[in-house]
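Read through the structure below, which is laid out as structure tokens, and then see the notes.
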Amino acid sequence: APAQIGVTGLAVMGRNLARNFARHGYTVAVHNRSFAKTESLVADHGDDGTFVASESMADFVASIEQPRKVVIMVKAGGPTDAVIDELIPLLDEGDIIIDAGNAHFPDTRRREERLRGLGLHFVGTGVSGGEEGALNGPSIMPGGSEESYVTLGPILEDISAKVDGVPCCTYVGPDGAGHFVKMVHNGIEYADMQLIAEAYDLLKQGLGATAAEIGQIFAEWNTGDLESFLIEITADLLQHVDAETGSAFVDIILDQAEQKGTGRWTVQNGLDLGVPITGIAEATFARALSGSTPQRTAARGVLRAEAGTWAVEDRDAFIEDVRLALYSSKVVAYSQGFDQIAAASEEFGWNIDRGAMARIWRGGCIIRARFLNRITEAYERDENLSLLLADPHFTESVGNGVSAWRRVVSSAALNGVPTPAFSSSLAYYDGVRAERLPAALIQAQRDFFGAHTYQRVDKPGVFHTEWSLDRTETAQ
Ligand code: NDP
């Protein structure tokens, strides 16, 4: 029987996606540039279901029923283009190519436009959850034409993670929308991880607590509002002991965080769209700082701290303060990420349903969390919500933690503990809620040196003052 879907690219991700399709009863055509991976998939996991293995791309394509659905799961960038070029002459009008790799959304827009011109559907699809998710149910963010989703959607929903029986997969929007949302998901993941790391550091420095003790605090937090995959694995990691040295595992790891680039893309796009995604940006820069070895070497022991010796008096109160500050900072990071999605949706005409995005992130992906339900509910209350933080649930829950947030950030500053994401999130919160910002002065400076004009609070219009002449004001 012909295959219902095909997967080309059978490294960890493609292999596990193919197995996931097979386990759900689909006949899966499988192909990989080097045939050895295809053979080993069938040899090792033939029990999962029905695979149709092909050595050549032509045989692979021929083994799939029409309209064909071909999932590409290869290294992002040039390899994806190479595979698309190889597929094009083999496909027929109406066939669907699904790029499930981590493509940058402008590439997806370019590829979609090209393939649309050839009568093919191109579905740039975000897939989150790592290899585990790919096998057992990822969060899936497909873009492309709505028409392609009619036949493809049910299959993707079938293999996606489920939360309360609801699939963690939905149609995101045209062309690059799926990969864009995946990119922002990853950016939020960076922010979430940085915030958790700062909370850990605060507990370590403020309480002098051991990694294992902090792990227990995280495990406790995981029973409340913060319940999430990342908090759960943090609790686990912190309690893990290195077999070789007997030290806490976290204490033997070099303190340099690497990155593969999706955080950087998110920040670059935030700058392009002019959306203040400070949480994601600080998280991305914090990783960069950790890897700034020459600078850290030059600064260590040389830059004066003039900081106190941190001695927290009320242990339980401090832990609760850090928990509340973490929660509030996290809401800021998500609020900013959803602003970015809204801005891109507007810019590219994607019409993305933000509540639905929070819903499909509840399971399968790295940022899966209980709290995403609250975000979905907020956008259900008001689909045009202009600021997630201003939804009544969040004004209340973040509002309850504001004093704690201020205590934590100010104590950290006084004691010389860096909290870039906690601090910048609080600064954003105070900035966005301010009655009046000092931006007025900046606009005045711009008019002074560059004749960039300004608007007034007391009357409409655009004005310029002749600063170097007699300082008369003229309406522009
Ligand atoms: P890799 O990114 O390591 O890519 C390896 C695969 O790409 C192999 O199948 C390889 O074939 C194929 N390939 C490389 N170059 C070419 C080429 N020029 N022509 C044809 N095939 C080529 O695999 P992963 O499984 O880790 O990831 C696949 C995609 O999924 C990537 O885009 C990645 O960013 C994304 N992704 C990965 C996640 C993860 O947790 N790893 C999570 C979510 C998305 P060969 O065997 O012949 O070398």
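The values are calculated or read from the model by the stated rules, or taken from the named source; none is laboratory data. Note that the coordinates shown come from a computational prediction; the quantities given were computed from them, not determined experimentally. Glycine also receives a Cβ, built like all others from the backbone with ideal geometry; neighbour counts cover every protein chain displayed.
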Among residues of the range 413-422, those that are touching a residue at least 24 places away in the same chain (Cβ under 8 Å) and part of a helix (DSSP H, G or I), counted:
4
List, please: which pairs have Cβ atoms under 6 Å, are six or more places apart or on different chains, and start with a residue in the range 191-219 that is in contact (Cβ under 8 Å) with a residue 40 or more places away in the chain and end with one that is of a type in the set (Phe, Trp, Tyr) and in a helix (DSSP H, G or I)?
GLU198/PHE422; GLY206/PHE318
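In the range 18-49, what count of residues is obtained for those that are of a type in the set (S, T, N, Q), outside any loop (DSSP other than H, G, I, E, B) and loosely packed, with under 14 Cβ neighbours inside 10 Å? Explain how you work it out, then say what you get.
Here is the first cut: in the range 18-49, the ones of a type in the set (S, T, N, Q) are 20, 27, 32, 34, 38, 40.
The next check asks that each one be outside any loop (DSSP other than H, G, I, E, B); those that pass are 20, 27, 38, 40.
Restricting the remaining residues to those that are loosely packed, with under 14 Cβ neighbours inside 10 Å gives 40.
Matching residues across the range 18-49 total 1.
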Verdict on GLY178 being out of contact with any Pro (no Cβ under 9 Å at 6 or more places or on another chain), small (Gly, Ala, Ser), touching a residue at least 40 places away in the same chain (Cβ under 8 Å) and not in a loop (DSSP other than H, G, I, E, B)
no
Could you please tell me which pairs satisfy a Cβ distance under 7 Å, a separation of 6+ or placement on different chains, a first residue in the range 7-27 that is modelled with pLDDT of 95 or more, and a second residue that is of a type in the set (Asp, Glu)?
VAL12/GLU131; MET13/GLU131; ASN16/GLU131; ARG19/ASP48; ALA22/ASP48; ARG23/ASP48; HIS24/ASP158
Those residues of the range 357-412 which are hydrophobic (A, V, I, L, M, F, W, C), more than 23 Å from GLU232 (Cβ to Cβ) and not in a helix (DSSP H, G or I) amount to LEU385, LEU387
Could you tell me whether any residue of the range 157-165 is under 28 Å from GLY270 (Cα atoms), more than 16 Å from the ligand (Cβ to nearest atom) and part of a helix (DSSP H, G or I)?
no
So, in the range 84-143, exactly how many residues are within 21 Å of GLN340 (Cβ to Cβ), more than 14 Å from the ligand (Cβ to nearest atom) and assigned to a strand (DSSP E or B)?
1
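Out of the helices (runs of 4 or more DSSP H) lying entirely within the range 203-316, which hold 2 or more residues that are loosely packed, with under 12 Cβ neighbours inside 10 Å and small (Gly, Ala, Ser)? Steps first, answer last, please.
Details: elements: 211-221, 229-238, 262-273, 278-290, 293-299.
Per the criteria, 293-299.
Does ALA369 count as surrounded by 13 or more Cβ atoms within 10 Å (Cβ to Cβ), touching a Ser or Thr at 6+ places or on another chain (Cβ under 7 Å) and at pLDDT below 95? Talk me through it step by step, then tell me what you get.
Values: surrounded by 13 or more Cβ atoms within 10 Å (Cβ to Cβ): yes; touching a Ser or Thr at 6+ places or on another chain (Cβ under 7 Å): yes; at pLDDT below 95: yes.
Against the criterion (surrounded by 13 or more Cβ atoms within 10 Å (Cβ to Cβ), touching a Ser or Thr at 6+ places or on another chain (Cβ under 7 Å) and at pLDDT below 95), ALA369 qualifies.
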Got at least one residue in the range 329-347 being free of Cβ contacts under 8 Å to residues at least 60 places away in the same chain and either acidic (Asp, Glu) or surrounded by fewer than 17 Cβ atoms within 10 Å (Cβ to Cβ) (or both)?
yes
